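What follows is a single structure, written as structure tokens, with notes after it.
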Amino acid sequence: MAVYTHLGAEELARLIGECDVGDLISAKGIAEGVSNSNWLVETTEGRFILTMYERRIDTAQLPFFLGLLDHLAAKGCAVPATIHDRSGAAFRHVDGKAVALIEFLPGVSPSIPTAEQARSAGAALARVHLAAQDFDGRRANDLAPADTLAILQKCGAENLAGIDPELPAILPLANDLVAQWPQDLPCSIIHSDLFPDNVLMLGNEVSGMIDFYFACNDAMAYDLAVTHAAWCFPQGSYDAVLGHALVAGYESIRSLEEAERDALPLLAKGACLRFIASRAEDWLDTPPDAQVLRKDPMEFVRRWQFYDNAGREAFE
């Protein structure tokens, strides 16, 4: 279970009592997630999510992440707002760890998305891009292609070959991709990690978008490409119906410029590179006997190969 720190009933009640959300009724640890401790909290006034930031999150960046949620929620995007305490603070500290309370949003993440759900997700992503353009916070993308190439280089070709003999072949391709990466596409704040498990659905409609802890300033078309690579291979192979629906949903809210369309295949390979690198790093950092399912980076190597072969047709 993703609860690394135990909080007793008295401490939980004290934390909840600092906000105008009623009295604590119950708090249950949430199994999902790997970086933070999370509880589903019920009070006399509703349900909320309490998060303690354990690792991988620089708490100095929490004002950006939580401020972004508040900004997007105020503009009507399907994201959870932060519950501020009576002093106006969006988070507080317990034993040196930051803790935040956010809205609970109903819904279920799709395991195998439908075309209607993909269309809805594309539209929701575009709304976030437009709504975030006047957000005054800034955060650089620290997982851009050059950064993910550096992760793979640090892993080393020999170690990559130990995962799969074909994996080191991605290194020269990644070098070429970094050299070709576009620098002048329209930008906003992007989610950067919008897998289906970060989207909540009520039927075919998006009821919530969560886990904005990779959000950063970058190209909007790159975010669409990340989402395309994450959503459109539900059973290992490309689903053209999903791909078309996702892009059509996005363009129902925000039309892509021609330069963005031309760049999408390259941007999608950049998205794949990011997940190849993170999976390879996690694979090498996880002992073989650990009770953790290691994710195969070759899955995204195959998606890279698809985008390389399909080109712009993958997005039409």
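Miscellaneous remarks
- Comparing D136, D218, D296 in a Gaussian network model of the chain, where Cα atoms under 10 Å apart are tied by springs, the biggest mean-square fluctuation is seen for D136.
- Inter-centroid distance (Cα atoms) of the stretch 78-97 relative to the stretch 100-133, Å: 23
- Ordering F214, L50, G107 by Cα displacement along the dipole of the chain toward the positive end leaves L50 in first place; charges were set at the Cβ atoms of Lys, Arg (+1) and Asp, Glu (-1).
- 0 to 90° range, to nearest 10: angle between helix 115-131 axis and the chain longest Cα axis: 70
- Counting only residues at least eight positions apart within a chain, or on another chain, the lysines with an alpha carbon under 21 Å from that of K295 are K154, K269.
- Accessible surface of Y238 - all protein chains present, 1.4 Å probe, nearest 10 Å²: 50
- Each Cα pair under 8 Å and six or more residues apart adds its sequence gap; the mean of these over the residue count of the chain is a relative contact order of 17 percent.
- Shape call, the stretch 43-149: gyration tensor on alpha carbons, a/c limit 1.5: oblate
- When each of the peptides 150-161, 73-84 is scored by the mean number of other C-beta atoms lying within 10 Å of its residues, the order from highest to lowest reads 73-84, 150-161.
- Nearest 10 degrees, 0 to 90: helix 240-251 Cα axis against the chain principal axis: 60
- Labels on offer are (1) 1.12; (2) 1.02; (3) 0.98, and the one holding Cα Rg over 2.2 N^0.38 Å computed from this structure is (2).
- Think of a 1.4 Å ball rolled over the protein heavy atoms: the chain then has 46 Å² of accessible area per residue.
- Separation of alpha-carbon centers, the stretch 164-226 and the stretch 243-278, rounded to whole Å: 8
- Cα-based helix-to-principal-axis angle, 145-155 vs the chain, degrees rounded to 10: 90
- Carbon and sulfur %, accessible surface of the stretch 180-227 computed with the full protein complex present, 1.4 Å: 51
The values are calculated or read from the model by the stated rules, or taken from the named source; none is laboratory data. Since we're looking at a predicted model, the values are computed, not measured. For neighbour counting, all protein chains shown are included, and Cβ atoms are generated from backbone atoms with ideal geometry for every residue, glycine included. Ligands, DNA and RNA are excluded from the accessible area calculation, which covers all protein heavy atoms including side chains. Shrake-Rupley method; radii C 1.70, N 1.55, O 1.52, S 1.80 Å.
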